[in-house]
Amino acid sequence: MSAMASSCLSAAAKAVARDALGSRQPNNISSRVRSRAGNLQPRDRRPVLTRATATAGRLSGFSGPRISSTKPNSQATVGKTLNKVKPGDLLALTLTAGDGSGHLASGEDLNQVTWMTATKLSTSTGGHLCVEGELNGLRVQVIDQGARGGARLGIVGLLIEPNQKGWIDSFPGWKAHLAKREELETSVMNSVVDIKICMSLDKIERCVVSNPSLWCGGSDSPNRRSVITDPIERATQTAGEILALLNGERCVVMCQLWAGWTRMDAQPVEAPFVIQLLRRAIESGEVGVAMSESDDVEGNPGLTAVLYSRKDGQESAGDGEARKKRVRTWRAKDCARWARKIAELGAQADCPAVTPYECALVGMALGYDERDVAYHLQGLGWPFSAHVFERAREVLDGVGPTDTKIGAEKDEKDGKKGGLMNGLFGASK
């Protein structure tokens, strides 16, 4: 990893409640419960209810969380932190019920820890600092309470209104699955008792420029890291991938717009900066969209946007011999074809592929190395052979069957012929 990428994200190392980000890592505010066809690591965006503790988990960039005895900020310091917030900052808010309903008999408070992205600074009617931003699909305001300590969180409206027009029309079918305001606001508490500035969109952009491979190789790539443990990294993964696409470092990216298996207040698209960057991608005119709708309407209904570059591009060589060997180039028309192949499968960004063939095709279309895809299949325990990759390669090159699902018919038969050691790379039929 470059020194810049490390320093960018390690600078975000701030204390957050232990149960949310430390000892209960699988259930933290930024892990997910579903997987991606080519980037299949759990990520859960749901806010977490925790009991206030005197121990905090310290975020340390890409090196993961550490437990320390750092005392969490008190309500008295919330105002001081708010004064440091700038538009574009990623905030970790600790919320509790303003009416006291979250106060337990043990004397502890039931807290909620969640992400918020700051978009604007203003002044409230009472003359206090007001930070406007986005939280779980809502437009919100955090208003400093002055001498009383802490801050109040107020809901202004939906981030995307049902009758909104313009850039969102580039994602046909999404409006029908947008959450209603009452579905989102009931899950948000309104008293801010702690706040941390964890990251900023500007820092993420600089990190993507400095070392794009972290957002291009997939989380299963041994060239990256086998497991994403840092909550900030996990929460901003999709945002980083879209930025890599906008920078010309990737040709295709998937984004889950609606997941029917997840609550409306925990949709993947509500992850920090994602909706902002989807709008930026469309308004740039350099990104096209193919919509992928799941045909598993009973088990895993979903809608995914497959974003693709409309420009010829090349993955940066970066530093080191390993990166130089993996330099890829692509043509705009190839990107559009690969995106359409993913959409024809009905593949979802946050739901596992159904067969080894589909996993291989989607992973390769996203630009992931074949060996990394093979290791992922091996980790799942799925039997597969070189024929799976050969068929996927033919379809993506436009020389195989036009129906992307035709290869799935032979998956079970071919899968029994062998696995990674069956001559996957360079094997002949």
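The values are calculated or read from the model by the stated rules, or taken from the named source; none is laboratory data. No experiment lies behind these values; they were computed from the predicted model shown. Note that each Cβ is placed from the backbone with ideal geometry, even for glycine, and that neighbours are counted across all protein chains shown. Note: areas computed on protein heavy atoms with side chains; ligands, DNA, RNA excluded. Shrake-Rupley method; radii C 1.70, N 1.55, O 1.52, S 1.80 Å.
Report, by residue number, each residue of the stretch 233-252 that is modelled with pLDDT of 90 or more and under 30 Å from residue 188 (Cα atoms).
235, 236, 237, 238, 239, 240, 241, 242, 243
Look at the stretch 128-140 and say how many of its residues are free of Cβ contacts under 8 Å to residues at least 24 places away in the same chain and open to solvent by 10 Å² or more (accessible area, probe 1.4 Å).
2
Among the residues of the stretch 193-207, write down those that are open to solvent by 10 Å² or more (accessible area, probe 1.4 Å) and either of a type in the set (Val, Ile, Thr) or assigned to a strand (DSSP E or B) (or both).
Those that are open to solvent by 10 Å² or more (accessible area, probe 1.4 Å) and either of a type in the set (Val, Ile, Thr) or assigned to a strand (DSSP E or B) (or both): 193, 194, 196, 197, 200.
Here are 408, 392: which of them is crowded, with 16+ Cβ neighbours inside 10 Å and modelled with pLDDT of 80 or more?
Values: 408 fails: modelled with pLDDT of 80 or more.
Exactly one of 408, 392 is crowded, with 16+ Cβ neighbours inside 10 Å and modelled with pLDDT of 80 or more, namely 392.
Taking interchain pairs and intrachain pairs at least six residues apart, which have beta carbon atoms under 7 angstrom, with the first residue in the stretch 266-291 and more than 19 Å from residue 248 (Cα to Cα) and the second among the aromatic types (Phe, Trp, Tyr)?
If the second residue must be among the aromatic types (Phe, Trp, Tyr), the pairs left are 267/258; 272/115; 291/171.
Evaluate the following for residue 146: is it modelled with pLDDT under 95 and surrounded by 15 or more Cβ atoms within 10 Å (Cβ to Cβ)?
Answer is no for this residue.
Quick check: anything in the stretch 156-167 at negative phi, hydrophobic (A, V, I, L, M, F, W, C), in contact (Cβ under 8 Å) with a residue 24 or more places away in the chain and open to solvent by 30 Å² or more (accessible area, probe 1.4 Å)?
Yes, there is a match, as at least one residue in the stretch 156-167 is at negative phi, hydrophobic (A, V, I, L, M, F, W, C), in contact (Cβ under 8 Å) with a residue 24 or more places away in the chain and open to solvent by 30 Å² or more (accessible area, probe 1.4 Å).
List pairs: first residue in the stretch 105-127 and over 26 Å from residue 200 (Cα atoms), second residue not in a loop (DSSP other than H, G, I, E, B) anywhere in the structure, Cβ distance under 6 angstrom, at least six positions apart or on different chains.
These pairs meet every condition: 108/51; 109/96; 109/103; 110/49.
Could you check how many residues of the stretch 255-286 are open to solvent by 10 Å² or more (accessible area, probe 1.4 Å) and over 12 Å from the mean Cα position of the chain (by Cα)?
Counting residues in the stretch 255-286 that are open to solvent by 10 Å² or more (accessible area, probe 1.4 Å) and over 12 Å from the mean Cα position of the chain (by Cα) gives 15.
Which of (1) under 30 Å from residue 303 (Cβ atoms); (2) at pLDDT below 85; (3) not in a loop (DSSP other than H, G, I, E, B) is the odd one out, the single condition residue 413 does not satisfy?
(1)
Just to be sure I understand, how many residues within the stretch 176-192 are open to solvent by 50 Å² or more (accessible area, probe 1.4 Å) and assigned to a helix (DSSP H, G or I)?
So the first thing to find is which residues in the stretch 176-192 are open to solvent by 50 Å² or more (accessible area, probe 1.4 Å), and the list is 176-177, 180-183, 185-186, 190.
Still in the list and also assigned to a helix (DSSP H, G or I): 176-177, 181-183, 185.
Residues in the stretch 176-192 being open to solvent by 50 Å² or more (accessible area, probe 1.4 Å) and assigned to a helix (DSSP H, G or I): 6 in total.
Could we say that residue 337 is over 25 Å from the mean Cα position of the chain (by Cα), modelled with pLDDT of 80 or more and under 23 Å from residue 295 (Cβ atoms) here? Even if it seems obvious, please write down each step before you answer.
Working: over 25 Å from the mean Cα position of the chain (by Cα): no; modelled with pLDDT of 80 or more: yes; under 23 Å from residue 295 (Cβ atoms): yes.
Answer is no for this residue.
Give the residues of the stretch 344-379 that are of a type in the set (A, V, I, L, M) and open to solvent by 20 Å² or more (accessible area, probe 1.4 Å), sorted by residue number.
354, 364
Would you point out the residue of the stretch 213-229, among those that are surrounded by 24 or more Cβ atoms within 10 Å (Cβ to Cβ) and over 21 Å from residue 377 (Cβ atoms), that is modelled with the lowest pLDDT?
Here the answer is 214.
Among the residues in the stretch 272-282, are any at pLDDT 95 or above and of a type in the set (D, E, K, R)?
To start, the set of residues in the stretch 272-282 that are at pLDDT 95 or above comprises 272-282.
So of that shortlist, the ones also of a type in the set (D, E, K, R) come out as 279-280.
Yes, the stretch 272-282 contains a residue that is at pLDDT 95 or above and of a type in the set (D, E, K, R).
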